[in-house]
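Contents: one structure, followed by commentary.
Since every read-out is calculated from the coordinates, none of them should be taken as a lab result. Treat the numbers as computed from the prediction; the structure is a model and nothing was measured. Heads up, the Cβs are rebuilt from the backbone with ideal geometry, glycines too, and the neighbour counts pull from every protein chain shown.
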Amino acid sequence: MKLQANNKVLDLSHPQIMGILNFTPDSFSDSGQFFQLDKALFQVEKMLNAGASIIDIGGESTRPNAQEVSEQEELDRVVPLVEAVRKRFDCWISVDTSKAMVMSESAKVGMDIINDIRALQEPDALTTAVKLALPTCLMHMQGQPRTMQANPYYKNVVEDVLEFLQNRTALFLQQGGKAENVIWDVGFGFGKTVQHNFTLLQQQARFAVQGYPVLAGLSRKSMLGAVLDKTVEQRLIGSVTGALLAAQNGATILRVHDVAETADALKIWQAMMNA
């Protein structure tokens with residue numbers, strides 16, 4: 001399994017690490033500490049040196065109760081940063097956005113992957129993603145970030161999420177999107193209880209066998225905090241453990257804050273697998 005974009009190939013025969021770069025003043029985890037271009041670029045270099053192959057740039061916080069960001073504000077945050085990263089580093093660049101204009105403008109300056117928490121449901125997002133013909137991550141979310149954790153309900157969380165991803169993928173393919181550009185994300189923490197999240201983690205192989213690369217993003221999330229009774233800053237070992245379990249259950253892209261520690265865990269696991 002592999003991804004292709006902009007004359008690059010990303011080998012997914014082993015898990016790849018996607019380092020998170022929240023270019024916002026109010027992200028849930030790093031509290032805006034990289035919300036300056038020079039600091040953001042320093043963080044990119046640090047994550048790449050630590051073992052990340054993809055940098056995921058986001059200009060809108062999508063934590064529970066987050067406020068929406070205007071299209072212009074998101075463009076002003078994301079596009080210059082994508083351009084700056086592309087000029088300086090030879091890495092894969094993912095952009096965490098649901099807005100069609102942000103997708104198309106980011107593609108002009110070097111974006112490789114569209115990472116959409118709303119699975120191309122916003123206006124023009126589907127047609128834009130098809131036209132750009134880049135790898136595109138479709139994520140499941142129940143509700144919207146402001147309200148998604150109010151009262152999540154599923155008949156069967158695994159079947160419901162699987163059906164949603166299959167339906168969004170079918171629509172993407174019907175509109176002319178390519179199957180080799182589809183990535184799936186079950187959406188840990190996006191309109192799900194702690195039980196829902198851990199059921200999805202336990203059953204993640206159900207998604208991995210469908211033929212699309214699976215992205216897992218549970219780094220520092222409240223599902224870990226609920227089990228560990230620890231603050232965001234204290235969830236390092238929980239996050240690394242979660243990433244490793246996701247990899248063991250078929251995830252091929254791990255979206256994380258703590259790149260070096262996740263890379264170490266993967267090396268130990270792969271040494272065991274290769275022994």
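Here are the numbers for the structure shown:
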quantity	calculated
Neighbourhood net charge (12 Å Cβ-Cβ; Lys/Arg +1, Asp/Glu -1) for residue 113	-3
Fully extended contour minus Cα-Cα distance, from residue 133 to residue 194, at 0.36 nm per residue	18.5 nm
Sequence-distant lysines (8 or more away, or on other chains) whose Cα lies within less than 23 Å of residue 178	2, 8, 99, 108, 131
Proximal lysines to residue 46, defined as alpha-carbon separation beneath 21 angstrom and excluding residues fewer than eight positions away on the same chain	87, 267
Sites residue 38 and residue 205, calculated FRET efficiency, Cβ-Cβ separation with R0 35 Å, nearest 0.05	0.25
Cβ-based exposure ranking for 137, 91, in which fewest neighbours within 10 Å come first	91, 137
Segment residue 6-residue 87, extension gain: residue separation times 0.36 nm, minus the distance between their alpha carbons	27.8 nm
Share, in percent, of DSSP beta bridges within the chain that are antiparallel, nearest 5	15 percent
Length released on extending from residue 13 to residue 268, taking residue separation times 0.36 nm less the Cα-Cα span	90.1 nm
Modelled FRET efficiency - R0 30 Å, residue 226 with residue 175, Cβ distances, 0.05 increments	0.20
Summed residue charge, Cβ within 15 Å of residue 262's Cβ, Lys/Arg positive, Asp/Glu negative	+2
DSSP-loop trypsin sites (Lys or Arg not before Pro) across the range 186-275, with at most 15 other Cβ within 10 angstrom	230
